[in-house]
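The values are calculated or read from the model by the stated rules, or taken from the named source; none is laboratory data. These numbers were taken from a predicted model, which means no experiment stands behind them. All Cβ positions, glycine included, derive from the backbone under ideal geometry; neighbour counts span all protein chains shown. Side chains are part of the model used for accessible areas, which takes the heavy atoms of the whole protein and leaves out ligands, DNA and RNA. Shrake-Rupley method; radii C 1.70, N 1.55, O 1.52, S 1.80 Å.
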Amino acid sequence: MTPKPEKPEIIVFINQGMNPVAATLTGQILNGMGDNLNNGVQTQVLKGLEKQDVSLKDDQIDLLIGPVQINVKNVNEVGTESIYILK
């Protein structure tokens, strides 16, 4: 809503080493939450701009495509050597 808008960023750290299965599930859930957050923000902003009859510049429209940047970072990643096969 400013002349030079910036995209906010949320950084999420997932500890894979504690539980790889839970880490994968958590990552999927957080990505879904991020999509819902982006859709909600996008809808609210567009409705507000429509009520005010505001036109947008190209760079402002680009920011509305994904208004919040969500970065999921895995820490203590589980390597291939951590998977054991029982014989």
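Would you check if there is a residue in segment 32-39 being charged (D, E, K, R) and without any contact (Cβ under 8 Å) to a residue 40 or more places away in the chain? Can you show your working first?
Residues of segment 32-39 charged (D, E, K, R): 35.
Checking the rest, the ones that are also without any contact (Cβ under 8 Å) to a residue 40 or more places away in the chain come to 35.
Yes: one or more hits.
When residues of segment 1-21 are filtered for being among the hydroxyl-bearing types (Ser, Thr, Tyr) and at pLDDT 85 or above, how many remain? Full working, then the answer.
Going through segment 1-21, the residues among the hydroxyl-bearing types (Ser, Thr, Tyr) turn out to be 2.
Restricting the remaining residues to those that are at pLDDT 85 or above gives none.
The number of residues fulfilling the criteria is 0.
For segment 28-87, enumerate the residues that are more than 19 Å from residue 12 (Cα to Cα), modelled with pLDDT under 90, small (Gly, Ala, Ser) and surrounded by 10 or more Cβ atoms within 10 Å (Cβ to Cβ).
Selection gives 48, 82.
Could you look through segment 11-24, keep only residues that are open to solvent by 70 Å² or more (accessible area, probe 1.4 Å) and either of a type in the set (A, V, I, L, M) or within 10 Å of residue 76 (Cβ to Cβ) (or both), and pick out the one that is farthest from the chain's Cα centre (by Cα)?
Within segment 11-24, the subset open to solvent by 70 Å² or more (accessible area, probe 1.4 Å) is 11, 13, 18-19, 21, 24.
If we keep only those that are either of a type in the set (A, V, I, L, M) or within 10 Å of residue 76 (Cβ to Cβ) (or both) too, we end up with 11, 13, 18, 21.
Values: 11: 8, 13: 12, 18: 22, 21: 20 Å.
The selected residue is 18.
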